[in-house]
Amino acid sequence: EVQLVQSGAEVKKPGESLKISCKGSGYTFTSYWVGWVRQMPGKGLEWMGIIYPGDSDTRYSPSFQGQVTISADRSISTAYLQWSSLKASDTALYYCARLHWRSLHFDYWGQGTLVTVSS
Amino acid sequence: DIVMTQIPLSSPVTLGQPASISCRSSQSLVHSDGNTYLSWLQQRPGQPPRLLIYKISNRFSGVPDRFSGSGAGTDFTLKISRVEAEDVGVYYCMQATQFPHSFGGGTKVEIK
């Protein structure tokens, strides 16, 4: 069974760093892109970026380029999303999702990680 | 970058009646390989998004056949033939033809 399991909710202060994770199982982790999607409170889905764990090829939305870093550790089938200096505006629910290699759709989703940034 | 626009923003529907959601892209979604990578997702309240349709019209595993997708080029439609209570939520189109991929703004389906 394909699963993406994300790390738990985080509460941070502005300026702090953070790294959240997404662990894949039930499939060959290195053969599928893993994307990250932001959902701010009461808002829609925003495509942030994506990584191919097989060779670490990473693409970002211009809106998020330079604001976050996406990485992956093939040895533990885990993708990451990290911030070096959080802002209050980073408060959101973050989802990871697997991109099917042939039909390029997000077929499996993580449960989401709520990040709250508040002083 | 490709911008995805959905209409309407909200669609109040009577149970058992059809619903239709439109999605338009700012440029053609036909990939150089000939495929069109347009998918539809459903997000029920408090839940992660769930894939319904991929490559315009292919239903994902387990998706009821009351959901159907159509369209070509820059104009796409998701139809629900007879809305049921469990269909309440927000529906998103998404393009994966070109990086960066992008979502439409969402259409909320609610019961009248």
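Taking the criterion of being surrounded by fewer than 17 Cβ atoms within 10 Å (Cβ to Cβ) and free of Cβ contacts under 8 Å to residues at least 60 places away in the same chain, the only residue of region B:99-111 that qualifies is B:Phe99. Going through (1) part of a helix (DSSP H, G or I); (2) within 14 Å of chain B (Cβ to nearest Cβ) one by one, A:Tyr108 falls short only on (1).
In region A:5-60, which residues are more than 14 Å from chain B (Cβ to nearest Cβ) and basic (Lys, Arg)? The answer is A:Lys12, A:Lys13, A:Lys19, A:Lys23.
Each residue in region B:37-51 was checked for being more than 10 Å from chain A (Cβ to nearest Cβ) and either among the acidic types (Asp, Glu) or crowded, with 18+ Cβ neighbours inside 10 Å (or both), and 1 pass.
In region B:102-112, of all residues being closer than 22 Å to B:Gln27 by Cβ and out of contact with any Leu (no Cβ under 8 Å at 6 or more places or on another chain), the one that is nearest to the other protein chains (Cβ to nearest Cβ) corresponds to B:Ser102. Take the residues in region A:66-90 that are in a strand (DSSP E or B) and within 14 Å of chain B (Cβ to nearest Cβ), then tell me which one is farthest from A:Trp101 (Cα to Cα). Step by step, filter region A:66-90, then rank; the result is A:Val68.
Being within 14 Å of chain B (Cβ to nearest Cβ), under 19 Å from A:Thr116 (Cα atoms) and touching a Phe, Trp or Tyr at 6+ places or on another chain (Cβ under 6 Å) is the requirement here; does A:Val2 meet it?
Against the criterion (within 14 Å of chain B (Cβ to nearest Cβ), under 19 Å from A:Thr116 (Cα atoms) and touching a Phe, Trp or Tyr at 6+ places or on another chain (Cβ under 6 Å)), A:Val2 does not qualify.
For region A:1-63, the strands (runs of 3 or more DSSP E) that sit wholly inside it and include 2 or more residues that are closer than 24 Å to A:Arg74 by Cβ are A:3-6, A:18-25, A:33-39, A:45-52, A:57-60. Among the residues of region B:62-98, those identified as within 14 Å of chain A (Cβ to nearest Cβ), touching a residue at least 12 places away in the same chain (Cβ under 8 Å) and either loosely packed, with under 13 Cβ neighbours inside 10 Å or out of contact with any strand residue (DSSP E or B) (no Cβ under 6 Å at 6 or more places or on another chain) (or both) are B:Ala96, B:Thr97, B:Gln98. Just one residue in the set B:Ser57, B:Ser32, B:Ser39, B:Ser81 is over 13 Å from the mean Cα position of the chain (by Cα), within 25 Å of A:Gly35 (Cα to Cα) and small (Gly, Ala, Ser); that residue is B:Ser32.
Among the residues of this structure, A:Tyr94 counts as one that is buried (at least 19 other Cβ atoms within 10 Å of the Cβ) and more than 9 Å from chain B (Cβ to nearest Cβ). The set of residues in region B:1-34 that are in contact (Cβ under 8 Å) with a residue 24 or more places away in the chain and closer than 14 Å to A:Leu104 by Cβ comprises B:Ile2, B:Leu29, B:Val30, B:His31. Going by the structure shown, is A:Val117 over 27 Å from B:Cys93 (Cα atoms) and of a type outside the set (Gly, Ala, Ser)? Yes, satisfied. Would you confirm, using the coordinates I've provided, whether A:Ser63 is within 28 Å of B:Met4 (Cα to Cα), surrounded by fewer than 20 Cβ atoms within 10 Å (Cβ to Cβ) and within 14 Å of chain B (Cβ to nearest Cβ)? Against the criterion (within 28 Å of B:Met4 (Cα to Cα), surrounded by fewer than 20 Cβ atoms within 10 Å (Cβ to Cβ) and within 14 Å of chain B (Cβ to nearest Cβ)), A:Ser63 qualifies.
Every number here is computed from the coordinates shown, using simple stated rules; none is lab data. For clarity, every value in this text was computed on a predicted model and none was experimentally measured. Cβ sites come from the backbone with ideal geometry, for glycine too, and all protein chains shown count toward neighbours.
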